[in-house]
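S.K.: A single structure is presented below for examination.
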Amino acid sequence: MKRPVVDYRELRPSTLNEPRYSHLKLLAGWIVYFALYFLTENLIPYKNCHVIHCALDDVIPFNEFFLLFYCYWYGLIVYSLLWFLLYDIRAFKRLQIYIMITQAVAMIAYISWPSVQHLRPEAFTRDNLLTKLMTLIYAFDTPTGVCPSLHVAYSVAIASVWCHQRDVTAHRKAFMVASAVLISISTAFVKQHSVVDIFAALPVCALGEYLVFGDTKVRRWIEESQE
């Protein structure tokens, strides 16, 4: 088993500012995101939201089996961040900053141009465990704040960072790309997003790609991190 590149057993509040642990401060971005998510979900009036829809949405049928890929997204985020946190600090910085960029752009969009979709089925044609889980997800995750899709943006970010790793096998890279594609299309099949939301996430990802991997101050700062 690989040995972690940083010994987190010595992590204390008093040592957080030490160079070996300073990358952990990037995780505070999730606190900011969840706070903004709560505000956008609860404080933006529904009547102010713009309806997102395209003809392709009406062609794609609801299929609860895509919920497996939709929920797999959560595990993929945790797995990727944790893996890089243990074994590649530079890659951890790349992924976390990439995610923060997409979060920032998405939140600006959700606040300045609120969005909503009306694609969810009124009733399920099948009654099984997945449709029951889908009902729970619909209950706590409102159909507002959907464009661009962060499900897509995070998935592309994860696949991109894995694919930029020189020590990762081609099979794992292919698996991550396939995961990103399946997760992205799953958002349309479970009617959590319009196809518009999927394509709207792509320029957001392009910005993240440029800032993290292009000739920018962000990339240069990341490259200065320890192995």
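The values are calculated or read from the model by the stated rules, or taken from the named source; none is laboratory data. Only a predicted model underlies this, so the values are computations on that prediction, with no experimental measurement involved. Positions of Cβ are backbone-derived with ideal geometry, glycine not excepted, and every protein chain shown enters the neighbour counts. These accessible areas exclude ligands, DNA and RNA; they are computed on the full protein's heavy atoms, side chains included. Shrake-Rupley method; radii C 1.70, N 1.55, O 1.52, S 1.80 Å.
S.K.: Across the stretch 123-164, what is the number of residues that are more than 19 Å from the chain's Cα centre (by Cα), over 28 Å from residue 40 (Cβ atoms) and of a type outside the set (Lys, Arg)?
M.R.: So the answer is 5.
S.K.: Restricting attention to the stretch 85-98, does a residue exist that is farther than 21 Å from residue 187 by Cβ and either open to solvent by 70 Å² or more (accessible area, probe 1.4 Å) or β-branched (Val, Ile, Thr) (or both)?
M.R.: Among the residues of the stretch 85-98, at least one is farther than 21 Å from residue 187 by Cβ and either open to solvent by 70 Å² or more (accessible area, probe 1.4 Å) or β-branched (Val, Ile, Thr) (or both), which makes the answer yes.
S.K.: Might you let me know whether the stretch 18-36 holds any residue that is in contact (Cβ under 8 Å) with a residue 40 or more places away in the chain, within 20 Å of residue 152 (Cβ to Cβ) and open to solvent by 50 Å² or more (accessible area, probe 1.4 Å)?
M.R.: yes
S.K.: Does the stretch 41-59 include one or more residues that are open to solvent by 80 Å² or more (accessible area, probe 1.4 Å), among the hydrophobic types (A, V, I, L, M, F, W, C), free of Cβ contacts under 8 Å to residues at least 12 places away in the same chain and more than 24 Å from residue 140 (Cα to Cα)?
M.R.: For the stretch 41-59, residues open to solvent by 80 Å² or more (accessible area, probe 1.4 Å), among the hydrophobic types (A, V, I, L, M, F, W, C), free of Cβ contacts under 8 Å to residues at least 12 places away in the same chain and more than 24 Å from residue 140 (Cα to Cα): present.
S.K.: Provide a single number: the residues in the stretch 193-214 that are farther than 15 Å from residue 164 by Cα and outside any helix (DSSP H, G or I).
M.R.: 2
S.K.: Additional query: Are any residues in the stretch 99-120 in contact with a Phe, Trp or Tyr (Cβ under 9 Å, 6 or more places away or on another chain), open to solvent by 40 Å² or more (accessible area, probe 1.4 Å) and within 27 Å of residue 60 (Cβ to Cβ), and if so, which ones?
M.R.: Within the stretch 99-120, just 120 meets the criteria.
S.K.: Looking at 159, 200, 178, 153, can you tell me which residue is touching a Pro at 6+ places or on another chain (Cβ under 6 Å) and aliphatic (A, V, I, L, M)?
M.R.: Among 159, 200, 178, 153, only 200 is touching a Pro at 6+ places or on another chain (Cβ under 6 Å) and aliphatic (A, V, I, L, M).
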